[in-house]
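In what follows, a single structure is set out as structure tokens and then discussed.
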Amino acid sequence: MTAVARGWDGLIGRLSRAITQRANAWRLSRTLRTAPREDLACIGSTYGAWTIPTGALTKDSVCYLAGLGEDASFDLGLIERFGCTVHAFDPVPEAARYASKITASESHFHFHPFGLWSSDGTLRFYENAEPGFVSRSATNMHGTGGYSEAQVRSVGSLMAELGDERVDLLKLSVEGSEYEILGDLLAKHLPVGVLCVEFAQPAPLTQIRRQIQALEEGGYQLVRASLPPFNWKLTFCSQ
């Protein structure tokens, strides 16, 4: 196969995936029901932004944000708006290097070089299939071969170590690990106020729907859903 032919095949494949993702986003959107709130605000850059209920946070709030990458706009936006404490978690070296520049000047920002999971230990984090992407997946959602090992912690273990009786906001942008972490959170009835969950793509719609149902049965209300093709972000609040 020539380079031109491979290029065309790659383009056709990307277009096909984009069409499928748009169709799946439309199917999911038809089944979602959001609870109305007047205090929703978008915080962060275009890529790293999340919409959250501002009435749920104060300067005394504790935020656990998993998946820093190289975009701290949401983290810093929370600090700027509320003056609260932010703990950022990411196991990739690129995130650690990026975070070191922030911790040097922002006392409310605390970086931890490990991932979140349902238990404490060490996992393999597999490389992203797209060149240039620093994110890695503990579930190998992209089916790649290269990996590095990194420490992981559970939310409950971190709360005990850091002395936090409650997490006011938990963000999960964790490349397929969201189901493992959320299952642990619900099973242990951990006190988390706001949940910002990115359902990494591609993923089966049935899996996402089951997780949303489990969160609703666990006492969470969906208050915001953003479903562009490859970056599905849902915000939930405990009732």
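The values are calculated or read from the model by the stated rules, or taken from the named source; none is laboratory data. If you're wondering where the values come from, they're calculated on a predicted model, not measured in any experiment. Every residue, glycine as well, gets a Cβ built from its backbone with ideal geometry; the counts of neighbours run over all protein chains shown.
Quick notes
- Condition met for residue 93 (touching a helix residue (DSSP H, G or I) at 6+ places or on another chain (Cβ under 7 Å) and more than 22 Å from residue 233 (Cα to Cα)): no
- Residue check, residue 156 surrounded by fewer than 19 Cβ atoms within 10 Å (Cβ to Cβ), under 29 Å from residue 224 (Cβ atoms), at pLDDT 95 or above and of a type in the set (Gly, Ala, Ser): yes
- Scope region 13-38; condition of a type in the set (S, T, N, Q) and farther than 18 Å from residue 234 by Cβ; matching residues: 16, 20
- Test for residue 44: is it modelled with pLDDT under 95 and assigned by TED's automatic domain parsing to the domain that holds residue 124: no
- Top-ranked residue in region 213-239 [being in a strand (DSSP E or B) and touching an Asp or Glu at 6+ places or on another chain (Cβ under 9 Å); ranked as surrounded by the most Cβ atoms within 10 Å (Cβ to Cβ)]: 236
- Restricting 20, 54, 58 to residues that are at pLDDT 95 or above, surrounded by 13 or more Cβ atoms within 10 Å (Cβ to Cβ) and among the β-branched types (Val, Ile, Thr) narrows the list to 54.
- Residues that are assigned by TED's automatic domain parsing to the domain that holds residue 187 and small (Gly, Ala, Ser) number at least 1 in the following strands (runs of 3 or more DSSP E) confined to region 76-163: 85-89, 115-117, 121-127, 147-154.
- Just one of the listed residues (114, 199) is aromatic (Phe, Trp, Tyr) and crowded, with 20+ Cβ neighbours inside 10 Å, namely 199.
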